[in-house]
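To keep things clear, I will list the structure first and then write my remarks on it.
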Amino acid sequence: MTHERHSAGETLFQVKNLNVGFRTPHGYKRVVRDFELTLRRGETLAIVGESGSGKTVATRALIGLAGDNAVVAADVLRYKDTDLRQAGRQTLKKLRGAQVGYVLQDALVSLDPLQPIRNEIAEPLDAHARLSKAEIRERTIQLLTEVGVPQPEIRKDQYPGELSGGLRQRALIATALALHPPVIIADEPTTALDVVVQAQVLGVLAQLIARGTSLILISHDLAVVARLADRILVMKSGIIVESGTRDEVLGNPQHAYTKALIQAVPSGDTRGRRLSPAAPARIGRPRRHGEAAENDSATPILEAKHLSKSFHGPDGRLREAVADVSFELFKGEVLGIVGASGSGKSTLARLLLALTDYDAGAVLYRGLEWPRADDRTKRRVRGKISVVYQDPYSSFDPRWNVGRILEDALRLHAEDGHAPQRADLLELLEAVGLNESHLRARPRHLSGGQRQRVAIARALAVHPEILILDEAVSALDVSIQAQILDLLEDLKARYSLSILFISHDLGVIHHIADRVLVMKDGAVVEEGDADAVFHAPRHRYTQELVAALPHFDNSRGAGRHP
Amino acid sequence: MSARQATISDVETSGKRQALLGAGHVLLGKLGQALLTLWATVTLLFVAQAVLPGDRATIYLNVLEGYSVTRTPEELAPINREFGFDRPLLVQYADYVGGVLQGDLGTALQSRRPVTDLILEQIGATALLAVSAIVLAWLIALAWTLATAGRHPALSRIGATVEALAAGMPHYWLGLLLLLAFAVHLDWFPVVGGDSWRGLWLPALTLAIPLAGFLGQAIRGEYEHALGQPHVLSSRARGTDEWRVRVVHALRPALIPGITLTGWALGALVSGAVIVENVFSRPGIGALLVSAVELKEFELISGIILIVSLVYVLITFLTDWLYTLVDPRVSFERKGEA
């Protein structure tokens with residue numbers, strides 16, 4: 001990366017004192033305050049910050065798409081020589097697509113599910129250029145090839161739902177590229193993609209940069225930012241708290257928030273240290289203990305023996321989702337399971353929880369094949385194994401407040417119909433870093449991190465021995481994710497939990513897991529100690545995964561690039 | 001997650017052939033369902049005629065002679081023999097089903113003419129009325145939605161309120177109102193509709209306005225939801241014309257609930273037609289049905305019910321097919337899975 005490369009380039013965007021707010025039924029709400037930005041030709045500018053920090057709104061305001069009820073004011077807001085503050089509809093329309101391409105977050109919802117992708121790619125061409133049908137067709141295929149979509153003649157006629165996540169993301173980028181605009185704004189272009197796909201998309205972006213496109217990259221993934229950006233803006237609560245070249249900001253951060261953000265990135269280097277600046281939750285001694293655990297650390301607490309499960313595909317063919325998977329989970333251990341989406345991780349979790357019956361093999365809890373046991377035994381063991389999913393929101397009854405959600409879980413496993421005490425509720429809340437004031441809150445009033453804390457509290461309510469976390473931190477911002485990961489470490493120690501941690505994020509797994517299973521197409525391709533697997537992977541697939549990971553070394557608080 | 005992945009990869013690899021096979025399978029299933037529905041209707045109608053209180057021969061004689069008296073067995077015997085009412089029920093049932101299969105729905109008592117002929121004479125007018133009403137309703141609903149939805153919140157509220165009012169208007173009241181205003185007062189349209197084209201407007205509007213209200217309510221919610229979707233913002237960010245954004249990306253997904261509602265509405269239009277055809281003195285099934293009920297013409301009523309059921313079944317087929325046109329994700333195959 002040669003970030004000085006275009007430093008003398010022509011200024012494309014210039015913004016001074018941009019303020020954006022929204023008129024809401026509850027009054028005016030300011031979201032972006034005194035935002036400043038200068039984008040030169042060929043430069044890549046990254047904006048980092050947690051969700052709600054105003055980074056998306058600020059960039060949308062650049063092309064007049066902040067929203068119908070948005071109030072946008074600025075001292076300077078110009079693209080080249082055009083003052084965008086006075087720009088009318090027509091001016092903005094000419095800017096969008098032709099001068100500035102905008103790649104929204106999450107291609108699954110950012111492409112119209114009812115349109116084949118060729119229509120979406122043709123849209124900017126129709127809007128800005130007079131091209132014949134044949135020219136548009138040719139251009140579409142050329143664009144899809146450019147972003148690395150194989151078989152473009154076939155793909156162009158497919159609908160977003162028929163494409164894999166990576167192809168979809170590339171198709172979305174192709175729609176923004178259609179007229180080769182000088183500026184591309186990409187909002188979290190790699191978020192929610194697994195590591196291999198993410199590497200492919202990063203490759204496409206790197207090509208754009210190499211061709212001289214100016215990129216505004218919005219991301220909370222510092223590894224991605226470290227790889228692509230020339231300059232970085234750090235935003236928090238609508239304000240730019242720090243800005244500078246990549247090496248300045250990542251190598252020598254000045255603001256406490258930037259430092260915390262850098263510290264929060266989990267990786268192999270962060271094993272055993274806290275990711276968030278917050279002090280450990282003051283967790284009281286558990287008031288009630290589960291049944292005295294057999295202190296035999298030699299027998300696994302949970303074991304899978306040659307588990308297999310097949311499903312019928314939509315075409316009637318049998319497809320093996322879990323194929324001959326065996327592993328052992330010992331007391332107090334964190335076992336990480338990594339793999340791309342579709343590798344069978346979540347199906348495995350369902351088999352372990354006896355939510356889906358397996359075709360062959362066995363799931364053993366302390367040597368007992370509990371999913372095939374009688375109902376009484378099953379109920380007892382169910383209380384020993386809790387699960388937390390990626391999106392707890394959908395598993396909460398929206399009408400219930402936090403108190404009722406936890407009470408319900410407590411009552412479920414209270415011995416002899418013991419009514420849950422208020423003290424039990426408070427202990428749970430305290431354990432996950434919440435307090436009494438959250439008892440009355442409903443799920444929709446909580447932030448993503450708070451909701452995940454409630455989900456963990458609910459999982460703990462039954463005094464489990466085993467916690468299964470299925471992508472439980474994948475939807476969280478890096479700083480919130482750091483807090484939850486720290487919390488899990490605290491809880492593990494406090495309640496001597498054994499944890500099965502399922503994630504597509506290698507950094508998270510390397511940070512928290514003692515041992516790692518790597519899954520591909522339903523089978524375990526590699527197993528071993530976390531450090532061994534990530535530092536010296538033996539299987540080809542694991543090697544690919546590790547190689548695809550954009551590395552961000554925060555052990556010295558400095559950025560490094562592959 | 002893994003299930004979704006499976007769908008995607010399988011669609012990618014195994015291609016259209018498998019999907020078509022599945023579609024054929026489901027199509028057969030749907031055809032079976034449709035036939036079952038029609039068979040059940042025919043059976044119910046037969047049971048209603050044969051088992052319900054009131055001796056059929058007595059009703060026949062009373063209708064024929066125009067007064068209600070109790071008949072002696074001697075009077076009834078020739079009638080029973082003529083129509084075969086004295087045969088075992090199963091034989092009569094087989095006879096009835098056989099007749100229906102050949103398009104013979106029996107004979108109307110008073111006019112002594114085949115029920116099939118009577119219905120065929122009238123059904124054209126009603127079909128024309130119903131189809132015009134549906135087309136008008138869609139035009140009104142689409143124009144109203146595009147004009148008022150997803151713009152200023154106040155405008156949207158007004159739009160929704162008008163829709164609710166329209167949806168709640170009873171046909172007889174609205175029909176009279178339109179008749180008084182546009183035919184009597186302004187004299188733009190004939191008072192007696194007849195079967196002229198000019199006479200079609202007011203009856204069709206009478207049926208269309210409440211339906212447009214219902215359609216608008218169904219479309220509006222989905223349309224405004226779609227306008228807030230990221231893919232709409234995506235399209236705007238490409239510099240797409242606002243009109244195209246709205247029609248292509250927001251209105252299209254909103255058509256689905258409208259289509260569902262239209263299938264249902266066709267049934268409701270038949271009952272609406274009964275009133276409207278009377279208010280505007282139009283020929284049609286509605287008028288025929290009213291006279292049939294007044295005269296207790298069981299065969300004729302049964303025939304009309306059967307025809308309406310047939311139309312219903314056809315419409316269901318049609319709406320299923322329309323879904324696949326609007327939303328490529330809905331194939332016969334997928335619907336079959338769910």
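The values are calculated or read from the model by the stated rules, or taken from the named source; none is laboratory data. Keep in mind that this is a model prediction, so the values were computed, not measured. Heads up, the Cβs are rebuilt from the backbone with ideal geometry, glycines too, and the neighbour counts pull from every protein chain shown. When the accessible area is computed, the model is the full protein with side chains, heavy atoms only, and any ligands, DNA or RNA have been set aside. Shrake-Rupley method; radii C 1.70, N 1.55, O 1.52, S 1.80 Å.
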Out of A:194, A:187, which single residue is among the acidic types (Asp, Glu), touching a residue at least 60 places away in the same chain (Cβ under 8 Å) and more than 10 Å from chain B (Cβ to nearest Cβ)? A:194
Residues that are modelled with pLDDT under 90, open to solvent by less than 40 Å² (accessible area, probe 1.4 Å) and either touching a Gly at 6+ places or on another chain (Cβ under 9 Å) or β-branched (Val, Ile, Thr) (or both), drawn from the stretch A:98-115: A:107, A:113
Keeping to the stretch A:142-155, report how many residues are surrounded by fewer than 17 Cβ atoms within 10 Å (Cβ to Cβ) and over 15 Å from residue A:203 (Cβ atoms). 4
Going by what's in this entry, would residue A:51 be described as hydroxyl-bearing (Ser, Thr, Tyr), farther than 28 Å from residue A:478 by Cβ and at pLDDT below 90? no
Limited to the stretch B:192-231, what total is found for residues that are open to solvent by less than 30 Å² (accessible area, probe 1.4 Å) and charged (D, E, K, R)? 1
So, residue B:158, is that one under 19 Å from the mean Cα position of the chain (by Cα) and either open to solvent by 40 Å² or more (accessible area, probe 1.4 Å) or among the hydrophobic types (A, V, I, L, M, F, W, C) (or both) or not? no
State all residues of the stretch A:116-139 that are open to solvent by less than 30 Å² (accessible area, probe 1.4 Å) and at the interface with chain B (Cβ under 7 Å from one of its Cβ atoms); if no residue qualifies, say none. A:123, A:124
Anything in the stretch A:83-102 that is within 14 Å of chain B (Cβ to nearest Cβ) and over 34 Å from the mean Cα position of the chain (by Cα)? List them, or say none. A:87, A:88, A:89, A:90, A:91
Considering the stretch A:496-536 alone, what residues qualify as being over 23 Å from the mean Cα position of the chain (by Cα), assigned to a loop (DSSP other than H, G, I, E, B) and buried (at least 20 other Cβ atoms within 10 Å of the Cβ)? A:497
Limited to the stretch A:324-333, what total is found for residues that are in a strand (DSSP E or B) and in contact with a Ser or Thr (Cβ under 8 Å, 6 or more places away or on another chain)? 3
Would the stretch A:464-474 turn up any residue that is among the polar types (S, T, N, Q) and either modelled with pLDDT of 85 or more or assigned to a helix (DSSP H, G or I) (or both)? no
What about residue B:310, is it open to solvent by 10 Å² or more (accessible area, probe 1.4 Å), touching a strand residue (DSSP E or B) at 6+ places or on another chain (Cβ under 9 Å) and assigned to a helix (DSSP H, G or I)? no
More than 25 Å from residue A:53 (Cα to Cα) and in contact with a Gly (Cβ under 7 Å, 6 or more places away or on another chain), is that true of residue A:440? yes
Determine if the stretch B:319-338 includes at least one residue that is more than 14 Å from chain A (Cβ to nearest Cβ) and open to solvent by less than 10 Å² (accessible area, probe 1.4 Å). no
Counting residues that are in the same structural domain as residue A:193 (by TED's automatic domain parsing), charged (D, E, K, R) and in contact with a Phe, Trp or Tyr (Cβ under 8 Å, 6 or more places away or on another chain), which strands (runs of 3 or more DSSP E) fully inside the stretch A:210-257 reach at least 1? A:231-236, A:239-245
Would the stretch B:232-247 turn up any residue that is buried (at least 20 other Cβ atoms within 10 Å of the Cβ), in contact (Cβ under 8 Å) with a residue 60 or more places away in the chain, assigned to a helix (DSSP H, G or I) and not charged (D, E, K, R)? no
